[in-house]
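Written out below as structure tokens is the structure these notes cover.
The values are calculated or read from the model by the stated rules, or taken from the named source; none is laboratory data. Computed from a prediction, not measured in an experiment: that's the story for all the values here. All Cβ positions, glycine included, derive from the backbone under ideal geometry; neighbour counts span all protein chains shown. With ligands, DNA and RNA removed, areas are computed over all heavy atoms of the protein, side chains included. Shrake-Rupley method; radii C 1.70, N 1.55, O 1.52, S 1.80 Å.
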Amino acid sequence: MEKAPIILAIDTTDVALAQSWIKATADYVSMIKLGLEFFTTCGVEGVKRIQENLDVDLFLDLKLHDIPNTVGKAARGASLLQPRFLTVHASGGRSMIEAAVTNAPEVAITAVTVLTSLTHTDLDRIGFTQSPLASAVRLALLAHEAGAQAIVCSPQETSEIRKAVGPDSIIITPGIRPLSYLGDDQKRTMTAREAIVAGANYVVIGRPITSEWANGLDAMKRAAGEIAEGLR
Ligand code: C5P
């Protein structure tokens, strides 16, 4: 069976639990994403344990954001884990993104534009004077010009970003929420299908699948299967 373009966000600090989530959803998930919650607790060794039996690619979501020299060296360190994608914040600027690209040439450096948890008001308070859409398009173009191969954005910004960066960039959208899912910290959301129709290559999905674990691994598998079915 062909897997869906779903990247499963493994947001836990428990390696064994992460392994059971990966196993339960393996029929439907194209890639798994390990992020800050996992990495700051389980570290490089935790990532290696996950990779032992992994037959899909790894998305390492470390959201690097620092001066170019530091990000370049951190990207090189992360590249030793051979992820397919590694994230940096596009707002770190052109030289910072270039440093990551240069130091980790075998990894697709992936630029996070505007976090999907931020509203227009939040951005205003940070000092971004443009709308989330205009800010995300501007950051995506900057990252594309700096050599980033992939862009992370809200599904709501995907079609405009696709027009700006062209067909070859990989667009990855978190902020995926089934219509039935009650509100949490994600704000600029859409369904998985809407995101793919808007031009995303992959959707990142965490809690709409992983929170079903409270009802058992079969429930989690069902949740992944339903979302995958909606993408056919
Ligand atoms: O549980 P949920 O579906 O909200 O998970 C989304 C995942 O995508 C989280 O791991 C989060 O860190 C990540 N992410 C995001 N927004 C971004 C970039 C990454 O939500 N702009």
The range 71-115, residues that are out of contact with any strand residue (DSSP E or B) (no Cβ under 8 Å at 6 or more places or on another chain) and not small (Gly, Ala, Ser): Lys73, Arg76, Leu80, Arg94, Glu98, Thr102, Asn103, Pro105, Glu106, Val114, Leu115
Residue match in the range 69-84 (condition: part of a strand (DSSP E or B) and among the hydrophobic types (A, V, I, L, M, F, W, C)): no
Test: residue in the range 142-156 that is farther than 20 Å from Leu60 by Cβ, open to solvent by less than 20 Å² (accessible area, probe 1.4 Å) and out of contact with any Pro (no Cβ under 6 Å at 6 or more places or on another chain): yes
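Hey, any hits in the range 104-117 for a residue that's part of a helix (DSSP H, G or I) and away from the ligand (no atom under 16 Å from the Cβ)?
Scanning the range 104-117 turns up no residue that is part of a helix (DSSP H, G or I) and away from the ligand (no atom under 16 Å from the Cβ).
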Enumeration of residues in the range 118-132 that are more than 16 Å from the ligand (Cβ to nearest atom) and of a type in the set (Asp, Glu): Asp124
The one condition in (1) over 23 Å from Ala192 (Cβ atoms); (2) more than 13 Å from the ligand (Cβ to nearest atom) that Thr40 fails to fulfil: (2)
Residue count, the range 156-176 (criterion: more than 11 Å from the ligand (Cβ to nearest atom) and in contact with a strand residue (DSSP E or B) (Cβ under 8 Å, 6 or more places away or on another chain)): 8
Output for the range 157-176, where each listed residue is outside any loop (DSSP other than H, G, I, E, B), open to solvent by less than 20 Å² (accessible area, probe 1.4 Å) and not β-branched (Val, Ile, Thr): Glu157
When residues of the range 27-37 are limited to those that are within 15 Å of the ligand (Cβ to nearest atom) and open to solvent by 60 Å² or more (accessible area, probe 1.4 Å), the one nearest to Trp213 (Cα to Cα): Glu37
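Quick check on the range 177-201: of everything there that is free of Cβ contacts under 8 Å to residues at least 40 places away in the same chain and of a type in the set (A, V, I, L, M), which residue is nearest to Thr119 (Cα to Cα)? Walk me through it before giving the result.
We begin by selecting, within the range 177-201, every residue free of Cβ contacts under 8 Å to residues at least 40 places away in the same chain; these are 177, 179-184, 190-191, 193-194, 197.
Then keep just the ones that are of a type in the set (A, V, I, L, M); that gives 179, 182, 190, 197.
Working: Leu179: 19, Leu182: 17, Met190: 14, Val197: 23 Å.
Restricting to residues being free of Cβ contacts under 8 Å to residues at least 40 places away in the same chain and of a type in the set (A, V, I, L, M), the top hit is Met190.
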Single unsatisfied condition, Ala24 versus (1) away from the ligand (no atom under 15 Å from the Cβ); (2) farther than 25 Å from Ala195 by Cβ; (3) surrounded by 18 or more Cβ atoms within 10 Å (Cβ to Cβ): (2)
Any hit, the range 61-77, residues being touching a residue at least 40 places away in the same chain (Cβ under 8 Å) and either touching a Cys at 6+ places or on another chain (Cβ under 8 Å) or of a type in the set (S, T, N, Q) (or both): no
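Table: residues versus (1) outside any helix (DSSP H, G or I); (2) open to solvent by 20 Å² or more (accessible area, probe 1.4 Å); (3) more than 10 Å from the ligand (Cβ to nearest atom); (4) in contact with a Cys (Cβ under 6 Å, 6 or more places away or on another chain).
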{"site": "Pro178", "(1), (2), (3), (4)": "yes, yes, yes, no"}
{"site": "Tyr181", "(1), (2), (3), (4)": "yes, yes, no, no"}
{"site": "Gln186", "(1), (2), (3), (4)": "yes, yes, no, no"}
{"site": "Ala195", "(1), (2), (3), (4)": "no, no, yes, no"}
{"site": "Ile209", "(1), (2), (3), (4)": "no, no, no, no"}
{"site": "Ala223", "(1), (2), (3), (4)": "no, no, yes, no"}
{"site": "Ala228", "(1), (2), (3), (4)": "no, no, yes, no"}
{"site": "Arg232", "(1), (2), (3), (4)": "yes, yes, yes, no"}
